[in-house]
1. If you rank ARG53, ARG204 by how much accessible surface each has, with a 1.4 Å probe, what is the order from largest down?
2. Choose one of ASN115, PHE83, GLY27: the residue whose Cα lies farthest towards the positive end of the charge dipole of the range 26-157 (beta-carbon charges +1 Lys, Arg; -1 Asp, Glu; about the Cα centre).
3. Find how much the distance from ASN196 to ASN28 grows on full extension, using 0.36 nm per residue of separation minus their present alpha carbon separation; answer in nm with one decimal.
4. What's the magnitude of the charge dipole for the range 56-192 around its Cα centre, counting Lys and Arg as +1 and Asp and Glu as -1 at the beta-carbon? Answer in Debye, nearest 20.
5. Sum up the charges of everything whose Cβ sits under 14 Å from the Cβ of THR174, counting Lys and Arg as +1 and Asp and Glu as -1, but leave THR174 out.
6. Starting at 0 and stepping by 5 Å, how many percent of the alpha carbon pairs of the chain end up in each bin?
7. For the range 63-159, what's the relative contact order in percent, using C-alpha pairs closer than 8 Å and at least 6 residues apart?
8. Leaving out same-chain residues fewer than 8 places away, which aspartates and glutamates sit with a Cα under 17 Å from that of LYS105?
Amino acid sequence: DPQNAVYPTPNVNVTASITTDTRWTAGNTYYLRGQIYVKNNATLTIDPGVVVRGDASVAGAALIITKGAKLIAQGTATSPIVFTSDKAVGARTKGDWGGIILLGKGAFNINSGVNNIEGILASADTQYGGGLTPDNADNSGTLKYVRIEFGGLLLSANNEINGLTFGAVGSGTTVDYVQCSFTNDDSFEWFGGAVNCKHLVAYRGV
(Lines give C-alpha, C1' and ligand atoms only; values in the text may rest on other atoms or scores of the structure.)
Protein backbone atom coordinates (compact mmCIF):
# COMPACT_ATOMS: atom_id res chain seq x y z
CA ASP A 1 0.00 0.00 0.00
CA PRO A 2 2.43 2.72 -1.17
CA GLN A 3 0.00 5.54 -0.51
CA ASN A 4 -0.03 4.75 3.21
CA ALA A 5 3.41 3.29 3.71
CA VAL A 6 5.49 5.12 6.31
CA TYR A 7 8.90 5.79 4.77
CA PRO A 8 11.91 7.24 6.60
CA THR A 9 12.74 10.92 6.28
CA PRO A 10 15.67 11.36 3.88
CA ASN A 11 18.99 11.95 5.61
CA VAL A 12 21.33 12.00 2.59
CA ASN A 13 20.82 14.67 -0.09
CA VAL A 14 21.86 13.71 -3.63
CA THR A 15 22.41 16.88 -5.63
CA ALA A 16 25.23 16.19 -8.11
CA SER A 17 26.19 13.72 -10.81
CA ILE A 18 27.81 10.48 -9.67
CA THR A 19 31.14 10.12 -11.51
CA THR A 20 32.98 7.53 -9.40
CA ASP A 21 31.90 4.16 -7.97
CA THR A 22 29.44 4.89 -5.16
CA ARG A 23 27.46 2.83 -2.65
CA TRP A 24 24.18 3.81 -1.05
CA THR A 25 24.08 1.94 2.24
CA ALA A 26 21.37 0.33 4.34
CA GLY A 27 20.21 2.50 7.21
CA ASN A 28 20.22 5.66 5.09
CA THR A 29 17.39 7.21 3.06
CA TYR A 30 18.49 9.09 -0.05
CA TYR A 31 16.89 12.24 -1.43
CA LEU A 32 17.04 12.80 -5.20
CA ARG A 33 17.05 16.59 -5.42
CA GLY A 34 17.00 16.78 -9.22
CA GLN A 35 18.01 14.84 -12.30
CA ILE A 36 20.99 12.83 -11.09
CA TYR A 37 23.27 11.26 -13.70
CA VAL A 38 25.52 8.28 -13.09
CA LYS A 39 28.25 8.84 -15.66
CA ASN A 40 31.95 8.44 -16.49
CA ASN A 41 31.52 4.62 -16.46
CA ALA A 42 30.80 4.74 -12.72
CA THR A 43 28.75 2.11 -10.86
CA LEU A 44 26.10 3.07 -8.31
CA THR A 45 25.40 0.19 -5.91
CA ILE A 46 22.33 0.32 -3.67
CA ASP A 47 22.01 -1.99 -0.67
CA PRO A 48 18.87 -4.06 0.03
CA GLY A 49 16.26 -2.16 2.01
CA VAL A 50 17.37 1.31 0.96
CA VAL A 51 14.61 3.87 0.29
CA VAL A 52 15.21 6.62 -2.27
CA ARG A 53 12.76 9.54 -2.31
CA GLY A 54 12.35 11.92 -5.26
CA ASP A 55 12.00 15.64 -4.59
CA ALA A 56 8.50 16.61 -5.73
CA SER A 57 9.45 20.31 -5.78
CA VAL A 58 11.91 19.72 -8.64
CA ALA A 59 10.32 18.94 -12.00
CA GLY A 60 11.36 15.48 -13.14
CA ALA A 61 13.77 14.50 -10.37
CA ALA A 62 15.18 11.25 -11.72
CA LEU A 63 18.07 8.79 -11.68
CA ILE A 64 19.70 8.48 -15.12
CA ILE A 65 22.28 5.77 -15.82
CA THR A 66 24.30 6.92 -18.83
CA LYS A 67 25.95 4.71 -21.45
CA GLY A 68 28.82 2.79 -19.90
CA ALA A 69 27.67 3.36 -16.32
CA LYS A 70 25.86 0.79 -14.16
CA LEU A 71 23.16 0.60 -11.50
CA ILE A 72 23.40 -2.35 -9.12
CA ALA A 73 20.13 -2.25 -7.16
CA GLN A 74 19.75 -5.77 -5.86
CA GLY A 75 17.19 -6.01 -3.10
CA THR A 76 15.60 -9.15 -1.71
CA ALA A 77 12.02 -10.37 -1.43
CA THR A 78 11.92 -9.32 2.22
CA SER A 79 14.12 -6.23 1.86
CA PRO A 80 13.32 -4.58 -1.48
CA ILE A 81 14.82 -1.31 -2.69
CA VAL A 82 12.12 1.37 -2.97
CA PHE A 83 12.10 4.52 -5.11
CA THR A 84 9.17 6.69 -4.08
CA SER A 85 7.67 10.13 -3.50
CA ASP A 86 8.88 12.51 -0.81
CA LYS A 87 5.32 13.46 0.09
CA ALA A 88 3.56 12.49 3.29
CA VAL A 89 1.17 9.60 3.80
CA GLY A 90 -2.09 10.35 1.99
CA ALA A 91 -0.62 13.14 -0.16
CA ARG A 92 1.31 11.09 -2.73
CA THR A 93 0.21 11.04 -6.34
CA LYS A 94 1.28 10.05 -9.83
CA GLY A 95 4.10 12.21 -11.16
CA ASP A 96 5.51 13.35 -7.82
CA TRP A 97 8.99 12.74 -9.27
CA GLY A 98 10.50 11.36 -12.49
CA GLY A 99 11.74 7.78 -12.49
CA ILE A 100 14.72 5.63 -13.44
CA ILE A 101 16.31 5.74 -16.89
CA LEU A 102 18.84 3.16 -18.13
CA LEU A 103 20.84 4.03 -21.26
CA GLY A 104 22.90 1.44 -23.09
CA LYS A 105 24.95 0.68 -26.19
CA GLY A 106 22.62 -1.82 -27.84
CA ALA A 107 20.83 -1.65 -31.17
CA PHE A 108 18.42 1.12 -32.11
CA ASN A 109 16.95 0.87 -35.58
CA ILE A 110 16.57 4.53 -36.63
CA ASN A 111 18.67 7.70 -36.58
CA SER A 112 21.90 5.78 -37.40
CA GLY A 113 21.52 3.81 -34.17
CA VAL A 114 21.84 6.69 -31.70
CA ASN A 115 19.14 8.84 -30.13
CA ASN A 116 18.36 10.98 -27.08
CA ILE A 117 16.00 9.49 -24.54
CA GLU A 118 12.57 11.07 -24.18
CA GLY A 119 11.35 12.98 -21.15
CA ILE A 120 14.47 15.05 -20.43
CA LEU A 121 16.32 17.77 -22.29
CA ALA A 122 18.73 16.36 -24.89
CA SER A 123 22.45 16.36 -24.09
CA ALA A 124 25.47 14.08 -24.47
CA ASP A 125 24.38 12.40 -21.22
CA THR A 126 20.94 11.48 -22.58
CA GLN A 127 22.18 9.57 -25.64
CA TYR A 128 21.54 5.86 -26.07
CA GLY A 129 22.36 3.28 -28.70
CA GLY A 130 25.57 1.86 -30.09
CA GLY A 131 25.34 3.53 -33.48
CA LEU A 132 26.47 1.43 -36.43
CA THR A 133 28.37 -1.01 -34.16
CA PRO A 134 25.89 -1.79 -31.35
CA ASP A 135 26.72 -4.02 -28.40
CA ASN A 136 23.55 -5.97 -27.67
CA ALA A 137 25.31 -7.76 -24.79
CA ASP A 138 25.98 -4.44 -23.05
CA ASN A 139 25.55 -4.44 -19.26
CA SER A 140 23.82 -1.53 -17.51
CA GLY A 141 23.69 -3.38 -14.17
CA THR A 142 21.08 -5.23 -12.11
CA LEU A 143 17.64 -4.28 -10.82
CA LYS A 144 16.15 -7.02 -8.68
CA TYR A 145 13.40 -6.75 -6.07
CA VAL A 146 12.88 -3.03 -6.74
CA ARG A 147 9.71 -0.94 -6.38
CA ILE A 148 9.26 2.37 -8.22
CA GLU A 149 6.29 4.44 -7.02
CA PHE A 150 4.57 7.73 -7.97
CA GLY A 151 6.95 8.54 -10.84
CA GLY A 152 6.40 9.88 -14.34
CA LEU A 153 6.83 13.32 -15.87
CA LEU A 154 5.22 14.84 -18.96
CA LEU A 155 7.85 17.10 -20.55
CA SER A 156 5.70 17.64 -23.65
CA ALA A 157 3.22 15.63 -25.73
CA ASN A 158 4.48 12.05 -26.20
CA ASN A 159 7.71 13.02 -24.43
CA GLU A 160 7.69 11.61 -20.90
CA ILE A 161 9.81 10.11 -18.16
CA ASN A 162 8.31 6.69 -17.38
CA GLY A 163 8.57 4.64 -14.22
CA LEU A 164 11.48 2.66 -15.69
CA THR A 165 12.79 3.58 -19.15
CA PHE A 166 15.21 1.50 -21.22
CA GLY A 167 17.24 3.09 -24.02
CA ALA A 168 19.07 0.43 -26.09
CA VAL A 169 19.84 -1.60 -22.96
CA GLY A 170 21.81 -4.78 -23.58
CA SER A 171 21.21 -8.40 -22.59
CA GLY A 172 24.00 -8.29 -20.00
CA THR A 173 21.61 -6.28 -17.82
CA THR A 174 19.46 -8.13 -15.25
CA VAL A 175 15.93 -6.85 -14.56
CA ASP A 176 13.86 -9.20 -12.43
CA TYR A 177 11.09 -8.70 -9.86
CA VAL A 178 10.48 -4.99 -10.50
CA GLN A 179 7.18 -3.25 -9.79
CA CYS A 180 6.10 0.22 -10.96
CA SER A 181 3.05 1.65 -9.20
CA PHE A 182 1.04 4.85 -9.75
CA THR A 183 3.16 6.12 -12.65
CA ASN A 184 2.10 9.24 -14.55
CA ASP A 185 2.92 7.58 -17.88
CA ASP A 186 4.03 4.07 -18.85
CA SER A 187 5.25 1.89 -16.04
CA PHE A 188 7.94 0.44 -18.33
CA GLU A 189 9.06 1.56 -21.80
CA TRP A 190 11.73 0.14 -24.10
CA PHE A 191 13.57 1.84 -26.95
CA GLY A 192 15.65 -0.71 -28.85
CA GLY A 193 18.17 -2.92 -27.09
CA ALA A 194 18.10 -6.59 -26.17
CA VAL A 195 17.49 -6.65 -22.41
CA ASN A 196 15.42 -9.63 -21.20
CA CYS A 197 13.21 -8.52 -18.28
CA LYS A 198 11.32 -10.96 -16.06
CA HIS A 199 8.65 -10.76 -13.35
CA LEU A 200 7.49 -7.19 -14.00
CA VAL A 201 4.41 -5.70 -12.33
CA ALA A 202 2.73 -2.55 -13.65
CA TYR A 203 0.11 -1.32 -11.15
CA ARG A 204 -2.30 1.61 -11.45
CA GLY A 205 -0.33 3.61 -14.03
CA VAL A 206 -1.84 5.99 -16.56
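The values are calculated or read from the model by the stated rules, or taken from the named source; none is laboratory data. Note that the structure is predicted; figures quoted are calculated from it, not measured. Note that we place each Cβ from the backbone using ideal geometry, even for glycine, and neighbour counts take in every protein chain shown. The area values use the complete protein model at the heavy-atom level, side chains included, leaving out ligands, DNA and RNA. Shrake-Rupley method; radii C 1.70, N 1.55, O 1.52, S 1.80 Å.
1. Largest accessible area first, the residues go ARG204, ARG53.
2. Farthest towards the positive end: GLY27.
3. 57.4 nm
4. Dipole size: approximately 260 debye.
5. Working: positive: LYS70, LYS144, LYS198; negative: ASP138, ASP176.
Result for the neighbourhood of THR174: +1.
6. Per 5 Å bin, starting at 0, the Cα pair percentages come out as 2, 8, 17, 22, 23, 16, 8, 3, 1, 0.
7. Relative contact order of the range 63-159: 44 percent.
8. Those aspartates and glutamates meeting the cut-off are GLU118, ASP125, ASP135, ASP138, GLU189.
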